[in-house]
1. May I ask you to verify whether A:GLY227 is away from every other protein chain (no Cβ under 14 Å) and either buried (at least 24 other Cβ atoms within 10 Å of the Cβ) or not aromatic (Phe, Trp, Tyr) (or both)?
2. Do the conditions hold for B:LEU253, that is, is it more than 17 Å from the chain's Cα centre (by Cα) and among the hydrophobic types (A, V, I, L, M, F, W, C)?
3. Which of the following residues is within 30 Å of B:ARG81 (Cα to Cα) and more than 14 Å from chain A (Cβ to nearest Cβ): B:GLU165, B:GLU134, B:GLU208?
4. Consider A:ASP209 carefully, then state whether it is outside any loop (DSSP other than H, G, I, E, B), surrounded by 24 or more Cβ atoms within 10 Å (Cβ to Cβ) and within 13 Å of chain B (Cβ to nearest Cβ).
5. State all residues of segment B:54-76 that are modelled with pLDDT under 95 and among the aliphatic types (A, V, I, L, M); if no residue qualifies, say none.
6. Just to be sure, is A:MET424 out of contact with any Leu (no Cβ under 8 Å at 6 or more places or on another chain), exposed (fewer than 15 other Cβ atoms within 10 Å of the Cβ) and of a type in the set (A, V, I, L, M)?
7. What's the total number of residues in segment B:188-201 that are assigned to a helix (DSSP H, G or I) and closer than 12 Å to B:HIS148 by Cα?
Amino acid sequence: MLFVDLKFFVFFAVVLTIYWSLRSNGARKNFILLASYYFYGSWDWRFAGMLLLLSAADWWFALRLSQTADQRARKIYVTASLTMNLGVLAFFKYFHFFLSSAQALADSFKLHLSGPTLRIILPVGVSFFTFQSLSYTIDVYRREIPPVESLRDYLMFASFFPQLVAGPIVRPRYFVPQMSEARTIDRGQIKAALYLFLLGYIKKVCIADNLSPYVDRVFNHPATYSGFASITAVWLYTIQIFCDFSGYSDMAIAVAALLGYKLVLNFDAPYLAVSIQDFWRRWHISLSTWIRDYIYISLGGSRNKYRIRTYFNLLVTMLAGGLWHGAAWTFVAWGGAHGAAQVVHQEFKRQFPPTPAQEPWRKAISWFLTLNFVCMAWILFRAPNFSTATLMARRYLFLDHGGADVIPLWLAFVGPVLLVCQWMMRRYRFEGRSLSLSLPWFALAYGAVWALAIGMMPLGYRPFIYFQF
Amino acid sequence: MPNSAGPFRKGEFVKAGFLATAGFVLCAAAIHGALGDPFRLYASLRSEQLEVMDRLQGSSFSSAFGSSHVHNGFDPATFDRGMAGTPAQSSTENMAIPGGSQVEQRATALEYLRSLHAPHASPNGPKSCMVLLELGAGANIGTMFMVHPRTINLYDWHGVRLVSELTDSQLGRRRNMGRVVFAAAGSAMYYMNVGMVSNRIFKPDVDEETVKSLLANDRRGAELMSSDPRNQASLKRVFDSAPKVSQPVPTELEPGNYALVDELRAASPVHPLAFVYVQMPMMADMESYPVYPDHLQSAGGPVPIINLARPDVHPELYQLQYWHDDAHLNDHGAELATAIAANELKSWYAAHGWPSACKE
């Protein structure tokens, strides 16, 4: 059940109606818990059972470790939680990746390893809900938050359907306090949520899904396409992945808001970033802050005697972030490239700090370089293997002219036009102006934009890219 | 519903809903008007067939319409050879579409008629203009095409009306109702322009390979398939298990069958336009087969009904070597069935009178 499916609209209409008709907070939480498991079970009921077991175990581990002062016992509980969550993730997501990598390594030493062949189905959203659960037990272990006393509350936090399958990754310290009292929502919040849902729908359905056939065409047969078509396809993928994922996040935040809950902002115009650090402050914010807090800082962060150690921490963190996205070396390389770019940028800034006079043009150049680096790095993210990635990267750098096949020329302008649109929407506070419309005008415009959005809907099933992670 | 600062009042909620609906309807109507006829928007299989139609324009004066049974089972070249030397001699093409339906054959035939011209008079050239319609095609497109441009770009209110006129007493009330609901849902999507703007902006290319194969070897839109060895065992089982005598099922014509002929005749730029209804054979006929009247009496005259689904009359068709699968003839079967159809039609015209040469 995707947010863009008719089935979801029916499901959510029923959920909203029943939810707001319930008076007590307890009844509402029970109902959301039930709805969340129904939502998750609509993919595969077996994994709903797994989610329930994992969540119940993490709740118990956190409760136990908060009740004991014995440091050794506390470590055992948090290690058990880490092992369980990472074990599930490793098995479902990385089993074949580790096995095939080990076999390839053995082959290079003329050794032949044979391993079991298992037919593993990846539970949807496993990377998201395991990370969310991990942050809970680690936070309790670090004594940063108290444990959640109620099993029902914890299960609801761990399975909250708006963000269960593709984030934003919610921190317990942010979400759990919201559960303590019955949620309310006013007219302004409803308008904002409806606006955000439609915006997300437009990004996902009207933009990302319409562009994806062109991207697929070129990435599936890169050798036959011209250099310009390849560059255009990379730009289109840059738009597609942003609109796909940020569209989903917008809809998730809006759905939660209509239930009275606030989720964290996950994207903040990342392609307007003026450095690679800035990009990661704007792209998939809930993941980047997660890996910062639980990997980078755990490794020692930037408080080191030697700069090289900080850079090492940065690289390891980004490599892990890359691997989180997918079980393939291309994802690891993507994370590594982003890590390396951050190291280079930090060192450059250190060696050549900008003077106030240089600031504006350095900012402009930095934005251009950052955007093009991000575009090129997406090649690694999208390409099915390194040979395709190398070919596409050569085309991007005009080192290879490519074949004869083309895609429509006008598609090359879609990226720049959308970027200018986004900049203007922020500059002229489009959202604020839309939300300040009187209710009748807002409703009239809202219906009209939906009519356009439905016309722009390409027909065919195109799941969210981040669902595979 | 909500209950804090600036809450919604019930009346306000209803008013907002009404205005949002009004905004939606107004914008959808404006888009629908701006888009023009959505039938030509890309829909896989149909667009390829329409491309074939465009390429044959000027050289074809008759066409067969319907579903895959006609698409695979009617060979235009064989038909023309069969009708050669008669007053109904023509140059025919096959515009049937796999998965097609009565609603789709109506729209495709109307599209065909839009660009139809009468043939130039010549002693040995084509003389008549003919439309062959499939009698047994389903009322609606298959449900796998429910949320698909094949359906959405097709179901204007005329389509819904046609489906409502194709009530089949043998289907029962519930299934007939289901047909109309399907058509109404298709029509709602049609007027909501679902996917149409995207289809126009990001227009997919017609599959050139398919078009080429439909035009190769003088096929003129037909897809003539050879026997599939993988189907042979299951086909043999069907033949072996078939009863010795098949049961005839008297079948009534439906108001929609009449309405379709009348509508197409009214839309035709050439006159007279000859109509033929064809019932294609299927292996299920070996258990029971439909029995139709000899012709349908439309407002413009009688329309012959060529019923090939008669194992009692055409036992030669029900031989293993003529079938691709249990519902479709192979290339040899298509050739034989088309030749039989041409012969039956000639006999019918000989008894009831030949159509005169068509003119604009």
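The values are calculated or read from the model by the stated rules, or taken from the named source; none is laboratory data. Keep in mind that this is a model prediction, so the values were computed, not measured. Neighbour counts are summed over all protein chains in view; Cβ atoms, including those assigned to glycine, are modelled from backbone coordinates with ideal geometry.
1. Yes; evaluated as a whole, the condition is true for this residue.
2. For B:LEU253, the condition - more than 17 Å from the chain's Cα centre (by Cα) and among the hydrophobic types (A, V, I, L, M, F, W, C) - is not met.
3. Answer to the selection: B:GLU134.
4. Against the criterion (outside any loop (DSSP other than H, G, I, E, B), surrounded by 24 or more Cβ atoms within 10 Å (Cβ to Cβ) and within 13 Å of chain B (Cβ to nearest Cβ)), A:ASP209 qualifies.
5. Within segment B:54-76, just B:LEU56 meets the criteria.
6. Yes, satisfied.
7. 4
Conditions tested, residue by residue: (1) without any contact (Cβ under 8 Å) to a residue 40 or more places away in the chain; (2) of a type in the set (Gly, Ala, Ser).
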residue	(1), (2)
B:LEU110	no, no
B:LEU113	no, no
B:TRP157	yes, no
B:ASP168	no, no
B:GLY178	yes, yes
B:MET189	no, no
B:MET196	no, no
